Amino acid sequence: MKILLEDLFQYSHHCNNVLISYFSESREGVPEKSIMLFSHLVNAHHLWNCRIGQRKTTYGVFEIHDIKQLQKIENENFLQKY
């Protein structure tokens, strides 16, 4: 089961990085709603990591980030160890 979860996290991280790359390349063409929803996704991941690790959260669930911040948060979420 542990291997399955690790594979799922790897896949999710890869897909998130593909989206972030697309956002970076198409800054003017990315709908604001897409940035808002993706921000929510990385924020929720951050919140769950903090809950599991019993740490204080840094971001609110509906906080909107710029594209560079999205990459930073995604990487932190992926590397987070409990």
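Table for the structure above
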item	result
Within segment 43-82, trypsin sites (Lys or Arg not before Pro) in DSSP loop having at most 10 other beta-carbon neighbours inside 10 Å	Lys56, Lys81
Accessible carbon and sulfur surface of the chain relative to its total accessible area, %, 1.4 Å	60 percent
Accessible surface, 1.4 Å probe, highest first, among residues Phe62, Phe23	Phe62, Phe23
Lysine pair count for the chain [Cα-Cα under 22 Å; pairs on different chains or 8 or more apart]	6
Computed helical MRE - 222 nm, the chain, DSSP H runs ≥ 4 contributing -39500 (n - 2.57), nearest 500	-24500 deg cm²/dmol
Distant-in-sequence amide H partners of Gln80 (H built 1.01 Å from N, under 5 Å)	none
D (Stokes-Einstein, µm²/s), Kirkwood Cα radius, the chain, 1.567 mPa s at 4 °C	98 µm²/s
Average accessible surface area per residue within the chain, 1.4 Å rolling probe, Å²	73 Å²
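The values are calculated or read from the model by the stated rules, or taken from the named source; none is laboratory data. Keep in mind the model is a prediction, meaning the values are calculated, not measured. For neighbour counting, all protein chains shown are included, and Cβ atoms are generated from backbone atoms with ideal geometry for every residue, glycine included. We work out accessible area using only protein heavy atoms, side chains counted, and drop any ligands, DNA or RNA first. Shrake-Rupley method; radii C 1.70, N 1.55, O 1.52, S 1.80 Å.
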